[in-house]
Amino acid sequence: MDLTRKMSVDILSAFDTGNDILPKIIQRHIEKYEVSSSQKKRCKATINEIIRHRGIIDHIIENSSSRKMKNFQPKLKSILRLGCYNLLFDDIIPEFAAIHSSVELGKNLINKKSGSVVNAVLRNMQRKHDGDSKWLKTTKDNNVELSFPKWLVEKWEKQFGEKNTKKLCKSYLEVSPMFLRVDTGQLSLNKAINLLNRSAIKVKRYNLLSNFLEVISGQKKIFFDNLFKCGIISIQDPASAAVAEMLKPVNGDIILDVCAAPGTKSLLMAQKVGKSGKVFASDKDPSRVELGKLDIKRHKNKNIQWFVLDATKDTFPMVEKILIDAPCTGTGVLRRRPDIKWRLKKNDFQYMRSIQISILNHMTKFLKKGGKIVYATCSLEPEENVGVVDEFLSKNKNFSIIPPNNFLPQDWVSSDGFLMTMPYETGSDGLFGAVLKKK
């Protein structure tokens, strides 16, 4: 029996029946199974795509079996999802192998009868697919919203309208693109493009921000490229960089960056403030702070200092600029983290809002008069964004909203002066940002 496929079934079952986030489940099982690094990567990619398309996969299984998913036992459900993905969504595994290996999983992990069920369901899918070349595309196009919780789709339809919600859901079913930010203070964009092309990394300019490139091919080679190893290029989403740019970091600035790990925004600001400036980066999770510290070995910027601190209660130095990259529900990053949508609950938005307001209220104590705070989230939800800012301003009359800088594309900024990127419009993550100035 293929260990990688068994591991995939175990991960899917653990995600379906437990409460842990997907990255933790994957890591736990990878440590348990003795498989090669290429098998690990393959398993991670497969799991993420099954979770991304889970609603549509379930729809196909139900229509190929005449049974509701809730009537399958958890392990059989996972085997069917893996088999469906391999058969219809995966271009690497041949059809016969996808069916045969899934049947064997059913027999070996459950019983012979389960193997027969898997065989019947997958054969039905195969017949539908072979009988109509447009069947799969039509099924996917007509059922985009099924790959999201129904209540979340309904919420988005109220916020964005039915048409834009469909666009949003469709964009989240695509694999997240990889972007590179080039430190143009060290190397011009044209030279970076030429050097990357020589390393068989194909890139193109990202038109909305002048120092960004989108990777077309050769993504796996980035981590081994000299430009990455020395910190000239960094993997970062353009919207993430836009949030840091809203603070207008300049040479000599002292900046607090809270909830900062793993530190991509911290690095951008460190490169802007130069040797005479300083970025005090912090996060309350020690393991994530370690990731930030490790990245210093790559980019070698000595002007970032990392601390394990809680932005709701700990003491910080007084500064004129603070970036709050607030913890949130993450509905703006569902392309990169498709598992989030299946973990969300309706009351999560208010729960995160209470934390966000607590952080914002506490961190203002460390802002000097005339200073600026950028409050940002990777959420699309008004409860966590405009709602937090409005509540804060209503109780803090010595603060006001100021427009973000001219670095940002105009259509990324709302009429109220907030940054708001929508993935289907920008190709980036969905992020919110507001600049608050202390009078």
**Item:** Output for segment 165-183, where each listed residue is under 27 Å from K272 (Cβ atoms) and in contact with a helix residue (DSSP H, G or I) (Cβ under 8 Å, 6 or more places away or on another chain)
**Value:** M178, F179, L180, R181, V182, D183
**Message:** So E157 ticks every box in (1) in contact (Cβ under 8 Å) with a residue 24 or more places away in the chain; (2) touching a Ser or Thr at 6+ places or on another chain (Cβ under 7 Å); (3) farther than 25 Å from K44 by Cα; (4) acidic (D, E) but one. Which box is left unticked?
**Reply:** (1)
**Message:** Could you tell me how many of the residues in segment 114-165 are farther than 30 Å from L380 by Cβ, surrounded by 13 or more Cβ atoms within 10 Å (Cβ to Cβ) and not hydrophobic (A, V, I, L, M, F, W, C)?
**Reply:** 9
**Complete:** In segment 349-388, residues that are in a strand (DSSP E or B) and among the aromatic types (F, W, Y) total 1
**Request:** Please specify each residue of segment 274-286 satisfying the condition of being farther than 20 Å from T184 by Cα and buried (at least 17 other Cβ atoms within 10 Å of the Cβ).
**Result:** F280, A281, S282, D283, K284
**Prompt:** Among the residues of segment 207-219 satisfying the criterion of being part of a strand (DSSP E or B) and of a type outside the set (A, V, I, L, M), which is surrounded by the fewest Cβ atoms within 10 Å (Cβ to Cβ)?
**Reply:** S217
**Asked** With respect to I50, is the statement that it is surrounded by 19 or more Cβ atoms within 10 Å (Cβ to Cβ), farther than 20 Å from D130 by Cβ and β-branched (V, I, T) true?
**Response** yes
**Item:** Test: I401 is more than 14 Å from P238 (Cα to Cα), buried (at least 19 other Cβ atoms within 10 Å of the Cβ), outside the structural domain of H53 (by TED's automatic domain parsing) and β-branched (V, I, T)
**Value:** no
**Message:** Please verify whether Y424 is in a helix (DSSP H, G or I), in contact with a helix residue (DSSP H, G or I) (Cβ under 7 Å, 6 or more places away or on another chain), under 19 Å from G332 (Cβ atoms) and not basic (K, R), treating the condition exactly as stated.
**Reply:** yes
**Request:** Starting from segment 19-47, keep only residues that are more than 27 Å from E174 (Cβ to Cβ), then list their pairs with residues that are assigned to a helix (DSSP H, G or I) and of a type outside the set (K, R) whose Cβ atoms are within a distance under 7 Å, requiring at least 6 positions of separation or different chains.
**Result:** Y33/L3; Y33/M7; V35/L3; V35/T4; V35/M7
**Message:** As an exercise: evaluate V175 against (1) within 23 Å of R336 (Cβ to Cβ); (2) among the aliphatic types (A, V, I, L, M); (3) free of Cβ contacts under 8 Å to residues at least 60 places away in the same chain and give the number of the one condition it does not meet.
**Reply:** (3)
**Prompt:** Which residues, taken from segment 151-202, are among the charged types (D, E, K, R) and assigned to a helix (DSSP H, G or I)?
**Reply:** E154, K155, E157, K158, E162, K163, K166, K167, K170, K191, R198
**Request:** Go through the residues of segment 287-300 one by one and say whether even a single one is buried (at least 19 other Cβ atoms within 10 Å of the Cβ) and hydroxyl-bearing (S, T, Y).
**Result:** no
**Request:** Return the only residue of T315, T377 being farther than 19 Å from I235 by Cβ, of a type in the set (V, I, T) and touching a Cys at 6+ places or on another chain (Cβ under 7 Å).
**Result:** T377
**Request:** Search segment 318-348 for residues being part of a loop (DSSP other than H, G, I, E, B) and closer than 22 Å to K437 by Cα, and hand back the single one that is nearest to the chain's Cα centre (by Cα).
**Result:** P327
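The values are calculated or read from the model by the stated rules, or taken from the named source; none is laboratory data. Predicted model, so just to flag it, every value in this text is computed and none were measured. Backbone-built Cβ (ideal geometry, glycine too); neighbour counts: all protein chains shown.
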